[in-house]
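Reviewing the structure listed below.
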Amino acid sequence: MNNTAEKFAATSKANLEAAQALAAKAQAGVEKLVDLNMATSKAAVSESFENAKAVLGAKDPQTLAALQAAMAKPLAEKTAAYAQEFQKIVAGASAEFTSAAQANMADVQKGFASLMESATKGAPAGSESAMAFFNQAMSASQNAFKNAQTSAQQAVDTAQANFTAATKQATDAVKKATKAA
């Protein structure tokens, strides 16, 4: 029975380490998004003041209209660039997170299977049916988790493809509008 407790402790430790690794990956992705947003925010504030000074310096309506038109093009391009960078960060973080989660889940399942085997061997006589039921329940829950993970990955892939397509359309529209003007 002591062997079972040791395996349970080892499995729990492995699960904790896996959760810590996933949390670190998630935090790194959030940090990249924060950095992107801070850089974008700083640039927007700086450009806003420069644009306000330029608008205040306009001497006539034609100059003001030309300034406004000139400001619209870079704004559209920067918005498209921001969307592309955002998408790249999210896609990268999602891929890393999914890969790590799948690798860790395989290790957790192996550890749990070993733990269950040990517990079954050490179970008192007459508890075979209870242990078989527990093993079946655990197997069913692992299969349900795998199915949920597959469905979630498909949803992420679909959302990623849709976001990529929308970003490309927006970028193409900005390029087309910039060339036309």
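The values are calculated or read from the model by the stated rules, or taken from the named source; none is laboratory data. All values reported here derive from a predicted model rather than from experimental measurement. Cβ coordinates were reconstructed from backbone atoms using ideal geometry, including for glycine residues, and neighbour counts include every protein chain displayed.
Just a few scattered comments:
- Flag if ALA101 is part of a helix (DSSP H, G or I), under 30 Å from LYS176 (Cα atoms) and aliphatic (A, V, I, L, M): no
- Residues that are free of Cβ contacts under 8 Å to residues at least 40 places away in the same chain, surrounded by 14 or more Cβ atoms within 10 Å (Cβ to Cβ) and out of contact with any Leu (no Cβ under 8 Å at 6 or more places or on another chain) do occur in region 103-114, at least one of them.
- Entry remark, region 36-69: residues being without any contact (Cβ under 8 Å) to a residue 40 or more places away in the chain and either in contact with a helix residue (DSSP H, G or I) (Cβ under 9 Å, 6 or more places away or on another chain) or polar (S, T, N, Q) (or both) number 17 in total.
- Selected residue (only one of LYS73, LYS13, LYS32, LYS7 is charged (D, E, K, R), closer than 30 Å to THR120 by Cα and touching a residue at least 40 places away in the same chain (Cβ under 8 Å)): LYS7
Quick grid of which residues meet (1) farther than 30 Å from TYR82 by Cα; (2) aromatic (Phe, Trp, Tyr); (3) at pLDDT below 75:
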| residue | (1), (2), (3) |
| --- | --- |
| ALA119 | yes, no, yes |
| PHE145 | yes, yes, yes |
| SER151 | no, no, no |
| GLN154 | no, no, no |
| LYS176 | no, no, yes |
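- Taking region 113-136 as the range and being over 19 Å from LYS7 (Cβ atoms), part of a helix (DSSP H, G or I) and among the small types (Gly, Ala, Ser) as the test, the residues that pass are SER129, ALA130, ALA132.
- Qualifying residue in region 53-70 (condition: under 23 Å from the mean Cα position of the chain (by Cα), assigned to a helix (DSSP H, G or I) and farther than 30 Å from ASN143 by Cβ): no
- ALA125 under 24 Å from ASP172 (Cβ atoms), modelled with pLDDT under 85 and not charged (D, E, K, R): no
- Among the residues of region 27-65, those that are loosely packed, with under 13 Cβ neighbours inside 10 Å and charged (D, E, K, R) comprise GLU31, ASP35, LYS42, GLU50, LYS53, LYS59, ASP60.
- Flag not set for ALA76, criterion: farther than 20 Å from THR167 by Cα, in a helix (DSSP H, G or I) and out of contact with any His (no Cβ under 9 Å at 6 or more places or on another chain).
- Selection status of LYS78, under 26 Å from the mean Cα position of the chain (by Cα), basic (Lys, Arg), surrounded by 15 or more Cβ atoms within 10 Å (Cβ to Cβ) and under 30 Å from ALA43 (Cα atoms): yes
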